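Enquirer: This is the structure I want to talk about, given as structure tokens.
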């Protein structure tokens, strides 16, 4: 696992130049079938947490929950543990990410970086 450390450009601003991740996962979700992914351990004592960065196929509606069952929305507003197409989320090693979609087939990618 690589450290999540932003690079700086020539003017000293964050350049968002992340190295390719060592920990990469992908799957195809089928309609209504939840899948889970356990967050890997960080090998760095000074970077004990993990940043999960998600990528989804264009037009996908993927619901993600942390340590809870992921659910798709119903016909009215309700409290939920799931988030629609999150970009990136901080988590801890051993946490379980839950994914579900109400689309026929959706593709998901997750990469992990060690963070503080």
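Readers should treat all values here as calculations from the given coordinates under stated rules, not as data from a laboratory. Owing to the predicted nature of the structure, the values given are computational and were not obtained by experimental measurement. Positions of Cβ are generated from backbone atoms using ideal geometry, with glycine treated the same way; all protein chains shown enter the neighbour counts.
Enquirer: Using a basic spin-label model with each label point 7 Å from the Cα along Cα→Cβ, how many nm lie between residue 84 and residue 57?
Expert: 1.9
Enquirer: For the chain, modelled as a Gaussian network with Cα springs under 10 Å, which listed residue fluctuates most, 36, 71, 80?
Expert: Per the Cα network of the chain with a 10 Å cutoff, 80 tops the list.
Enquirer: With the crude spin-label approximation of a point 7 Å out along Cα→Cβ, what separation in nm comes out for residue 41 versus residue 67?
Expert: 1.9
Enquirer: Taking the simple approach of a point 7 Å from Cα along Cα-to-Cβ for both residue 33 and residue 105, what is their distance in nm?
Expert: It works out to 1.1 nm between the two label points.
Enquirer: Quick one: work out Rg over Rh on the C-alpha atoms of region 23-115, Rh as Kirkwood radius.
Expert: Rounded to two decimals, Rg/Rh equals 0.99.
Enquirer: Okay, moving on. Mean separation of Cα pairs under 8 Å and 6+ residues apart, divided by the residue count of region 23-115: what relative contact order is that in percent?
Expert: That works out to 52 percent.
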